[in-house]
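What follows is calculated from the coordinates using simple rules that are stated; it is not laboratory data. This is a predicted model, so every value here is computed, not measured. Cβ sites come from the backbone with ideal geometry, for glycine too, and all protein chains shown count toward neighbours.
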Amino acid sequence: MPGHPVLVVDDDDAIREAVRDLLEEEGIPVTTAADGADALLQVNERPPRLVLLDMRMPVMDGWSFAEALREQGLSPPVVVMTAAADARRWAAEIGASGVVAKPFGIDELLQAVERYSV
Amino acid sequence: MVTALRFARRPSWATFDIFLFFTAIAMVLLAADVGELLGIEGHPTLRALTWIGVTALPFILLRLVDDFRPQRAWLMASASLLYALVAVLGLLTPQPWPPPVLLAAVAFFVTLGGYASLAFLRESLRSSGITRRRMQAVALGSGLLALILLLTGVNVVLPLPEEARSLVNQVLALSAGLMYFAGFAPPAILRRAWQEPAIRALLDEAADLVQLPDTRAIARRIEARAVSATGADGAAVGLWEEPAGEIVFRGPSRTLRMRPGEYIGGRAFERQEVIFSAHAERDAPEHAAEYERSGFHAVAAAPISSGKRRLGVLLVYAQRPPAFTDDVLSLVEVIAEQAALVVRSHQLLQEAARVRAQAEVTRLKDDFLSVVAHDVRTPLTTILINAELLEQALSGDGRNARRAASLRTEGLRLKQLVEDYLDVVRAEEGSATRLEPHDLVELVRDAIAGMGPGDGRVTVTGEASLPGAFDAPRIQQLVQNLISNALKYSASQAPVEVRLEADADAAVLTVTDHGIGIPEGDLALLFERFHRGSNTNDRRYAGLGLGLYICRQIAEEHGGSIAVSSRVGVGTTFTVWLPLAPAGVSAAGGPA
């Protein structure tokens, strides 16, 4: 879906901005959210091509966000983006398409975005 | 007969007197029966025998009282003298005696019997458990005997109808006989019934005992139970302490230690049998002084053992041997068995609690580590992205591009250090290896793919499939560590060969490079923590010296091993053996 943004959901400001920078360098539009609740509003407003999702966040964490998506019948592709050792297990738990473990390189992230975006 | 057997089995004054007592009764009964049978009732010999027997009964009773609780010497002496006098007088002088003499004799015997009865009653109040029941029976029997004698005396003054007197006498005599039998030679069924309350109390208590905080508290309760069940003066539980090789009695005020074979208790422990000593100072002469000083001469000791596991010993001691040794020994044995059960259960519970606490500590450390890992990786993510973006942006600008590149490589180095460090800490904390069925060849290929787009330097040859039980992330880490080492320490285009083969019962993984090699002096310490080759101090080769240490740990976690061969300037080969069916693990079902 060219024109649709990648939604970056992370409670860490610096990471949100860094990821926005690197994606915009590649000409990919980006929207950001600091927690699952904000992200949910944005998904409803404007379906993203992909959600890059941190798991441990205040207000609404990654698990609740994924559950809310399911309840609302929304199914944007989700790539889990976490610094935790359990990245793969968590991704499996919420039925995510892929995983990028922090810290990641630019290539790694771009590959994931390319591969899982709709 | 029964009492004769008992005496023969366990000779003591008490058993002898009990035997004597029943002999006297048997003699009187036999004299009457034989007389009736032969039609020679009233024959002088029979009468003499009957007389001796009847008059002997109260006297033997007094002797029994003396056996259980020593009486004053003058009392015993004068009673013996009087008995002898009455018996001889009875034999020598014509019967019947004039009423006053007869009354005097009867009064003497009533006094003896009454005294014995009271003495046994007092003794029963002092004792507990089965001893108390037996003493009560004996006291009642003695009371009945005194009553018979009293009636004989009353009859002299106030003659009763012959039939009534005979009936009352027979009933009383039968009752007294039964009481004596129950007291002095109880049949097994009665014995068990009397022991039951003590054993039941012990069983009821056992479940609570297990929950007590420490073995010392358990020992106190078992000791109290042993004292109340046996009526002994004291009891002590000593527990085996393996490291010291000693049985340790931790009393409220002092601690006593004995080695197996020392004292009565040490012997019971060594021989694993119940031992009774009526004279400990005689049976354990090397410790006679201590037994004398304590005042406890009679000691019963039973090993506290659970199966083949020796846990300790139970001692029950008293100033004098118990009235009924067999009862005490069987109780001591039962209590020791219960104690073994309680102590062993307590040990197992403690063990389980320790393991749980250990698991909890490990879990907390794991939690802490993952939080630390998370918190370090998060800022690193931003640093690396920005460094890489900078590097791209500045690619035309020589000096600044180098600075940006340096930012990125140092960031990557920091990342690697953190990951290595966390790996080592986790491995040393003993995070469990999770073995699951996997194909080693697939794991190796995935690991290589996970290292990012290679430039064709790494080739994989050998077996197409090697199924086994592996911890996938750990194996991939091992493979990645070895390959990244191989790539790092060889020229930028030099190939790295990975080969997978099957040995008899192990998979053999080799990683070969054609790089700088490892000096011979470094080989021995290569797999040690923080060891780095002496030719790698160059900044090109960043590292903490943990990579190969982690590889060795991963190999060993799988029950395998790792080895290296190398020549400086030629290259290095690492060989890893991983069992294909480690003990206790089936390839299909994970840990058994």
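Miscellaneous remarks
- Acute angle (nearest 10 degrees) that the helix B:215-230 long axis makes with the longest principal axis of chain B, alpha-carbon atoms: 20
- Acute angle (nearest 10 degrees) that the helix B:398-429 long axis makes with the longest principal axis of chain B, alpha-carbon atoms: 20
- Two-site FRET efficiency, B:Arg399 against B:Ala491, from Cβ-Cβ distance with R₀ of 22 Å, rounded to 0.05: 0.25
- For A:Thr31, the residues 5 or more places off, or on other chains, whose built amide H falls under 5 Å of its own are A:Val6, A:Leu7, A:Val8.
- Whole-percent pair-distance distribution, where bins are 20 Å wide, for the alpha carbons of chain B: 15, 27, 18, 16, 13, 9, 2, 0
- Whole-Hz couplings from phi, Karplus 6.51/-1.76/1.60, listed for the range B:59-73; x for Gly and Pro: 5, 4, 4, 4, 4, 5, 4, 5, 5, 7, 9, x, 9, 5, 4
- Cβ-Cβ FRET estimate between A:Ala14 and B:Ala524, R0 fixed at 35 Å, reported to 0.05: 0.15
- Here the label points at B:Arg282 and B:Arg192, each 7 Å from Cα along the C-beta direction, are separated by 3.5 nm in the simple model.
- Estimated from the Cβ-Cβ distance and a Förster radius of 60 angstrom, the FRET efficiency linking B:Glu290 and B:Phe368 is about 0.65.
- Length-normalised contact order of chain B in % [C-alpha pairs under 8 Å, at least 6 apart]: 7
- Our estimate of slack between B:Ala464 and B:Ala502, defined as 0.36 nm per intervening residue step minus the Cα-Cα distance, is 12.6 nm.
- Anchor B:Lys365: lysines whose Cα lies under 24 Å away (excluding residues fewer than 8 positions away in-chain): A:Lys102, B:Lys415
- Simple label model, 7 Å out from Cα along Cβ direction - B:Leu85 to B:Arg445, nm: 11.8
- Backbone amide hydrogens, once placed in the peptide plane, bring A:Met60 within less than 5 Å of A:Gly36, A:Ala37, excluding anything fewer than 5 places away on its chain.
- Coil-residue chymotrypsin sites (Phe, Trp or Tyr not before Pro) of the range B:455-531, DSSP, other Cβ within 10 Å capped at 15: B:Phe530
- When peptides B:74-85, A:50-61 are ranked by their average number of other Cβ atoms within 10 Å per residue, the highest-first order is A:50-61, B:74-85.
- Each residue, B:Glu351 and B:Trp13, gets one label point 7 Å from its Cα in the Cβ direction; the gap between the two is 5.0 nm.
- Using alpha-carbon coordinates, inclination of helix B:472-488 to the longest axis of chain B, degrees: 40
- Amide proton proximity set for B:Leu580, modelled H, under 5 Å, gap of 5+: B:Ala506, B:Ala507
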